Amino acid sequence: MNNVMNNTMLANAVDDFDVTALRMDFPILDKKVGGKPLIYFDNAATTQKPESVIKAMDDYYRSMNANVHRAAHTLSAQATDAFERARRHVAAFINSPFMEEIIWVRGTTEAINLVAATWGRANIQAGDRILLTEMEHHSNIVPWQLLAKEKGAEIIVLSVTDAGELDLTNLDSLLDQRVKLVALTHASNALGTRNPLEQIIEKAHSVGAKVLVDGAQAVAHWDIDVQSLNCDFYAFSGHKMYGPTGIGVLWGRRELLEQMPPYQSGGEMIKRVSFSDTSFNDLPYKFEAGTPNIAGATGMDAAINYLGKIDRQAVSQYEAGLLEYAIRKAADIPGINRVGTAKDSASIFSFTLKGVHPSDVGTILNQQGIAVRDGHHCAQPLMDRLNIPGTIRASFAFYNTFDEIDQFVEGLVKARSLLC
């Protein structure tokens with residue numbers, strides 16, 4: 001498809017997208033910061049919450065607050081129904097074939113740590129290799145480093161290009177029988193780069209390696225189908241997909257989860273306890289020790305329901321339009337350098353201003369009510385590769401507008417006039 005057709009489709013998608021109506025669902029967007037309307041461009045860090053998510057959690061505490069799975073009384077039964085209904089809806093959301101493959105965790109970080117501490121300890125041996133990429137978030141680096149040190153294994157790294165894309169020309173040379181796990185992000189949290197997962201997963205499986213995908217930056221933007229991806233583990237957080245903080249999901253293949261030992265111990269994850277021995281519960285409960293985040297699960301369920309009512313293709317096209325517009329408008333400002341120019345990207349605009357520290361730009365923008373993220377974005381190895389200390393990151397959601405981007409660009413012009 002040529003560029004003219006692409007631009008026409010994009011324009012039509014933008015015209016048809018009713019952002020005004022969607023913004024009314026998010027109460028925080030009425031907030032003022034320093035007397036100025038909030039412009040929230042830090043969606044890669046956490047998304048704002050629609051009223052339906054807030055109400056679902058409030059309703060839980062007001063009408064059914066009780067522990068799950070452990071009592072015959074009505075409140076417990078209602079809480080259990082809501083909790084397991086949320087699990088069932090998450091399974092459908094990512095096309096998991098079994099709801100037992102959905103493990104509740106605090107977020108992506110805990111999901112990755114769970115796999116490292118269970119599957120990793122059971123399967124990684126001295127001399128084995130774990131393949132990561134240069135664009136990983138620290139939460140998909142440090143757990144594997146600790147495991148490698150414990151086991152005498154080796155971390156190897158797939159590099160990125162100057163454009164911020166994975167250098168796949170090196171993939172075949174890195175993948176051999178020594179690689180037992182490939183852990184990589186679906187999309188870079190710092191640059192937005194969307195990775196060609198299917199190609200990488202197929203190659204990893206050809207040498208017998210398992211694949212864990214950090215999906216934290218993907219679930220808000222694109223439909224996820226774990227069966228189509230054919231990965232072995234997929235991790236994501238509720239708060240990056242318009243749900244609450246403190247709740248997330250580890251999806252894993254049932255046959256792998258069944259083989260893995262428990263992650264934490266306590267109530268719920270057991271069948272029978274004596275002083276001589278303990279037998280563990282079935283999936284998914286053997287990984288869910290203690291009282292879970294029931295309110296968080298109900299909030300995540302509401303977020304999934306909310307996203308299900310929106311045309312995800314229209315969202316993707318609209319967000320692509322926001323990104324394209326921001327890049328084009330900011331390009332007219334002297335000294336602005338976009339960092340990460342991948343053709344396939346989430347709606348993240350990462351950039352530097354020549355001669356100015358990113359935090360200074362972030363401070364000036366905040367004074368104008370504009371929330372962006374500045375720094376290394378928990379991706380220091382990527383920043384080292386690109387030879388920069390950090391970037392300013394504007395990350396867009398479907399409730400953002402082109403008018404907000406105009407004000408953002410005006411803010412950058414003001415920051416440049418004050419700092420350069």
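With +1 on each Lys and Arg Cβ and -1 on each Asp and Glu Cβ, and nothing else charged, work out how big the dipole of the stretch 278-344 is about its Cα centre, in Debye to the nearest 20.
Details: 7 positive and 8 negative charges, 49 e Å.
Computed about the Cα centre, the dipole is about 240 debye.
Which trypsin sites (Lys or Arg not before Pro) does the stretch 344-404 hold that lie in a coil by DSSP with at most 16 other beta carbons within 10 Å? Numbers along the way, then the final one.
Details: sites: Lys354, Arg373, Arg385, Arg393; in loops: Lys354.
The qualifying sites are Lys354.
Taking the Cα centre of the stretch 54-308 as origin and charging only Cβ (+1 Lys, Arg; -1 Asp, Glu), how large is the dipole, in debye to the nearest 20? Can you show the working numbers first?
Numbers: 22 positive and 30 negative charges, 143 e Å.
Computed about the Cα centre, the dipole is about 680 debye.
Listing Leu419, Leu131 from the residue with the fewest other Cβ atoms within 10 Å to the one with the most, what is the order? All intermediate terms of the calculation are to be shown ahead of the outcome.
Details: Leu419 15, Leu131 25.
Starting with the residue having the fewest Cβ neighbours, the order is Leu419, Leu131.
Which of Ala72, Val157, Val182 sits farthest toward the positive end of the charge dipole of the stretch 54-308, with +1 on the Cβ of Lys and Arg and -1 on the Cβ of Asp and Glu?
Ala72
To check you understand DSSP bridge types, tell me what percent of the beta bridges within the chain (both residues inside) are antiparallel, rounded to 5.
Rounded to the nearest five, the antiparallel share is 60 percent.
Round to the nearest 0.05 the FRET efficiency obtained for Thr245 and Phe275 when R0 = 45 Å and r is the Cβ-Cβ distance.
Once rounded, the FRET efficiency stands at 0.75.
In deg cm²/dmol, rounded to 500, what helix-only [θ] at 222 nm does the chain give when every DSSP H run of at least 4 residues adds -39500 (n - 2.57) and the total is split over its residues? Before the final figure, lay out each step's value.
Details: 15 runs with 163 residues, N = 420.
Per the formula, -11500 deg cm²/dmol.
What is the sum of charges, Lys and Arg at +1 and Asp and Glu at -1, for the other residues whose Cβ falls under 15 Å from the Cβ of Ala218? If you can, show how the numbers build up before the last one.
Details: positive: Arg194, Lys240, Arg312; negative: Glu136, Glu198, Asp214, Asp223, Asp225, Glu319, Asp344.
Computed value for this residue: -4.
Quick one: if you stick a label point 7 Å off each Cα along the C-beta vector at Asn305 and Asn65, how many nm between them?
2.0 nm
Under 4 °C and 1.567 mPa s, how fast does the stretch 125-199 diffuse according to Stokes-Einstein, given a Kirkwood radius computed over C-alpha pairs? Answer in µm²/s, whole number. Present the calculation step by step, with values, prior to reporting the outcome.
Details: Rh = 12.8 Å.
Estimated via Stokes-Einstein, D reaches 101 µm²/s.
Using a cut-off of 11 Å between beta-carbons, work out the net charge of the residues near Pro284 (Lys and Arg +1, Asp and Glu -1, Pro284 not included). Could you put the intermediate results ahead of the total?
On the way: positive: Arg87, Arg254, Lys286; negative: Glu84, Glu100, Glu101, Glu258, Glu268, Asp282, Glu288.
Charge balance in the 11 Å sphere: -4.
Using the number of other C-beta atoms within 10 angstrom as an exposure proxy, rank Leu229, Leu146, Leu250, Leu353 with the fewest first.
Numbers: Leu229 18, Leu146 14, Leu250 26, Leu353 22.
The most exposed by this proxy come first: Leu146, Leu229, Leu353, Leu250.
Using 0.36 nm times the number of residues separating Ala126 and Glu154, minus their current alpha carbon distance, what extension gain do you get? Before the final figure, lay out the partial values.
Working: separation 28, 0.36 × 28 = 10.08 nm, distance 0.82 nm.
Length difference between fully extended and current span is 9.3 nm.
Label the stretch 333-420 by shape, choosing from rounded, prolate and oblate, from the square roots a ≥ b ≥ c of the eigenvalues of the Cα gyration tensor; if a/c is under 1.5 it is rounded, and otherwise prolate applies when a/b is larger than b/c, oblate when it is not. Display every interim value, and only then the final one.
Working: a/c = 1.70, a/b = 1.14, b/c = 1.49.
Note, shape of the stretch 333-420 comes out oblate.
What is the count of Lys pairs in the stretch 54-308 whose alpha carbons sit under 27 Å apart, if the two are 8 or more places apart or on different chains?
Eligible lysine pairs with Cα atoms under 27 Å apart amount to 16.
For the residue pair Asp81 and Ala163, what label-to-label distance in nm results when each label sits 7 Å from Cα along the Cα-to-beta-carbon direction?
With each label placed 7 Å out from Cα toward Cβ, I get 5.3 nm.
Counting chymotrypsin sites (Phe, Trp or Tyr not before Pro) as exposed when in a DSSP loop with at most 14 other beta carbons within 10 Å, what is the longest stretch of the chain free of them? Please list the in-between numbers first.
Details: sites that count: Phe98, Phe275.
Between exposed loop sites, the widest span is 99-274.
Distance from a point 7 Å along Cα→Cβ of Leu256 to each backbone N in the stretch 172-210: keep the residues under 16 Å and list them by number.
179-186, 197-210
Only four residue types carry charge here, +1 at the Cβ of Lys and Arg and -1 at the Cβ of Asp and Glu. Report the dipole size of the stretch 26-166 about the Cα centre in Debye, rounded to the nearest 20. Write out the running numbers ahead of the final one.
Numbers: 15 positive and 17 negative charges, 112 e Å.
Magnitude of the dipole: close to 540 debye.
So if R0 is 25 Å, what FRET efficiency would Thr341 and Asp225 give, r being the distance between their Cβ atoms, rounded to the nearest 0.05?
On the way: r = 28 Å, r/R0 = 1.10.
Computed FRET efficiency for Thr341 and Asp225: 0.35.
Which of the listed residues, Met241, Pro292, Ile103, is farthest toward the dipole's positive end in the chain, when Lys, Arg count +1 and Asp, Glu count -1 at the beta-carbon?
Pro292
If you average the C-alpha positions of the stretch 384-420 and of the stretch 45-116 separately, how far apart do those two centres end up, in angstrom?
Cα centres, the stretch 384-420 to the stretch 45-116: 35 Å.
Coordinate-derived values only; no laboratory data. Computed from a predicted structure; not experimentally measured. Here the Cβ is made from the backbone with ideal geometry for all residues, glycine too, and neighbour counts use every protein chain on show.
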